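Structure first, commentary second.
The values are calculated or read from the model by the stated rules, or taken from the named source; none is laboratory data. Given the structure is predicted, the values throughout are model-derived calculations rather than measurements. Virtual Cβ from ideal backbone geometry, glycine too; neighbours counted across all protein chains shown.
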Amino acid sequence: MRVGVVVAAQEFLEARRPALKLEIDFGPKRFGPFVSEVLVLGAYDSAGEVVLLAPDLDVAPGSRIG
């Protein structure tokens, strides 16, 4: 797993459930020309909204998670 920065998000209207299309910066590393399957981790808050998980300190995009 690697750290990425969400640089753009748009509604994915074709999805059956509410979803977003995310553009994620992984630094200089390439994970294919465009289509990449990634896992974005988040947790639900008390209002039922998703809060994305993030490192406590700033790290470079593409850094390995250990």
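Points to keep in mind about this one:
- Residues within segment 5-28 that are loosely packed, with under 11 Cβ neighbours inside 10 Å and under 25 Å from Ile65 (Cα atoms), tallied: 3
- Hits in segment 1-40 - residues which are in a strand (DSSP E or B) and at pLDDT below 90: Arg2, Leu20, Lys21, Leu22, Glu23, Ile24, Asp25
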